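Structure, as structure tokens:
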Amino acid sequence: MLFNSFAFLVFFPVAVGVYFIVPHRARRVVLLVSSYLFYMWWRPALAILLLTSTAVDYWAALRMSSRASRARRRPYLLASLVVNLGLLATFKYLDFALRSLGALLAVTPPEFGILLPIGISFYTFQTIGYSVDVYRGRIQAERSFVKLAVFVSFWPQLVAGPIERARHLLPQLDRRVRFRYRRARDGLIRMAWGFFKKVVIADRLALFVNPVFADPASQPDAVLLLAAYAFVVQIYCDFSGYSDIAIGAARVMGIDLMENFRRPLWWSTSIADFWRRWHISLTTWLRDYLFFPLQGRSSSTVRWSRNIFITFVLCGLWHGAAWTFVVFGALHGAMIVVERFIAEDIAARSPKWSARLAHPWTLSGKRLLVFNLVTLSVIFFRAGSLADAWLILRSLADGIDGAGTAFLGLIENENLILGFAFTLVLAAVEGLLGEESLEAVLARRHHVVRLTAVALLVAVIFWFGVFNADEFIYFQF
């Protein structure tokens, strides 16, 4: 069953209302029940996998906490990794692996048709992070199964992040929280901003993007180019919109989730900088639990380059079981490695070069370059196959034929025009906000200004929003 923006609007007030009505001692149970109801919206049987991951890590962490040395803890960490990664591999990657092997051996592999559990990559990484932190001795094992289960399944961020850390979220579940107007106001403003991104921009652009990528061979070159730009905006607004909604919903309940985006599309000055701003909870997770263990204490540039490439290939594979995602990750890994060599070469030439690179005009050019490189790379992210991706790239490389006629025809495409118009609004607002959030800025304004801004935002959402059956894109990951 689909769970779109409208369904979230229905679920949210019921879950939060019950949360504040019950006594404090019962709130963990309410959160747990709400989370499992939220997850079982798609298919009740999927909750068994979520419960299995939680139970295994609860047991493994308790066992590790009673062992003094890492050597004695290691078997229980391995048990946790085998179960969690085994479930992820089976339900997300088994059919892909069999298809790839079949293509290599020129045979027809069996198709199991395994249903991909919603958000399995998110909660698997979250619960693995908990086990690894207990193994490393950074946190103590949680002795309350209900509390750990709430951490793993906390419904606002269960299916699309942010991927939380145990040392950040678990202590917050002990707080005695009362309803606070200002906290609820800020949370609702953050949610409204997320819904603006999702239903006004992402879902409207999807009406243009989806038909183009469904049949790229029949599309003019200009349409393919616009669809690529439209999709990079769509996926940003879709995913960062969900993160805003999750952060806002949690804040209403007195729980702070980590920030997941910091204006990545318009302000990134390098691909590495882009990943410091994009899906921050995933990139920091991969840094702490994959890249650093691979790198160790080595300062070797060759080893660093290898590990960056491995990390980003796996990052691409994390997003989906297809070679298009592998290529997407490999491209970003390769670009980050190349960036480092270029930066080291420039630094070695002259300090004047470094000063020139910090000039505002140079920074603007770097941001434009990064935006275009990201746009080209997400063609692999969105294309249905490698063949479709290569077809689109070849079409763009050959030049934009008939651009004038195509653009004139697209002027009449209401979804494209409105989507890009509100994208300009989004970029302008993000530029004005700087590193602050919308709710933080509005909190300092006069209440009349704040009410006017919120009323305008809500009016735009309901007037221009597309409340259809489109799920959030990252639900599939």
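Quick rundown of the values:
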quantity	calculated
Vicinal HN-Hα couplings computed from phi for segment 460-468 (Karplus, 6.51 cos²θ - 1.76 cosθ + 1.60; Hz; Gly/Pro x)	5, 4, 7, 7, 10, x, 10, 9, 10
Sulfur and carbon atoms: percent of accessible area, the chain [1.4 Å]	66 percent
Correct choice for Rg and Dmax of the Cα atoms in Å that was computed from the model, options (i) 24.8, 80; (ii) 23.2, 72; (iii) 28.7, 82	(ii)
5 angstrom amide H check on G119, placed H, neighbours 5+ away	F477
Prolate/oblate/rounded label for segment 85-214 (Cα gyration tensor, a/c 1.5)	oblate
Where trypsin sites (Lys or Arg not before Pro) fall in DSSP loop in segment 175-279, at most 14 other Cβ within 10 Å	R175, R176, R178, R180
Charge tally in the Cβ shell below 15 Å around E439, where Lys, Arg are +1 and Asp, Glu are -1, E439 excluded	+3
Student exercise, the chain dipole from Lys, Arg, Asp, Glu Cβ charges, in Debye to nearest 20	2640 debye
Computed helical MRE - 222 nm, the chain, DSSP H runs ≥ 4 contributing -39500 (n - 2.57), nearest 500	-22500 deg cm²/dmol
Dipole in debye (nearest 20) - segment 142-263, about Cα centre, beta carbon charges: Lys, Arg +1; Asp, Glu -1	980 debye
Loop sites in segment 41-123: chymotrypsin sites (Phe, Trp or Tyr not before Pro), DSSP, at most 13 other Cβ within 10 Å	F112
Accessible surface, segment 142-242, averaged per residue in Å² (probe 1.4 Å)	31 Å²
Integer Hz, Karplus 6.51/-1.76/1.60 couplings in order for segment 156-163, x for Gly and Pro	x, 10, 5, 9, 8, x, x, 6
Length-normalised contact order for segment 202-334 - Cα pairs under 8 Å, 6+ apart - percent	13 percent
Overall form of segment 189-315 per C-alpha gyration tensor (a/c, 1.5; a/b vs b/c)	oblate
Per-residue ³J(HN,Hα) for segment 437-452, Karplus 6.51 cos²θ - 1.76 cosθ + 1.60, θ = phi - 60°, Hz, x for Gly and Pro	8, 4, 5, 5, 5, 5, 4, 8, 8, 4, 4, 5, 5, 5, 5, 5
Exposure rule at most 16 other beta-carbon atoms within 10 Å, DSSP loop GluC sites (Glu not before Pro): the chain longest free segment	260-411
Per residue accessible area in Å² of segment 6-76, where ligands, DNA and RNA are left out and the probe is 1.4 Å	52 Å²
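The values are calculated or read from the model by the stated rules, or taken from the named source; none is laboratory data. Here the structure is a predicted model, which is why all the values come from computation and not from measurement. So basically every Cβ, Gly included, is an ideal-geometry build from the backbone, and we count neighbours across all protein chains shown. Side chains are part of the model used for accessible areas, which takes the heavy atoms of the whole protein and leaves out ligands, DNA and RNA. Shrake-Rupley method; radii C 1.70, N 1.55, O 1.52, S 1.80 Å.
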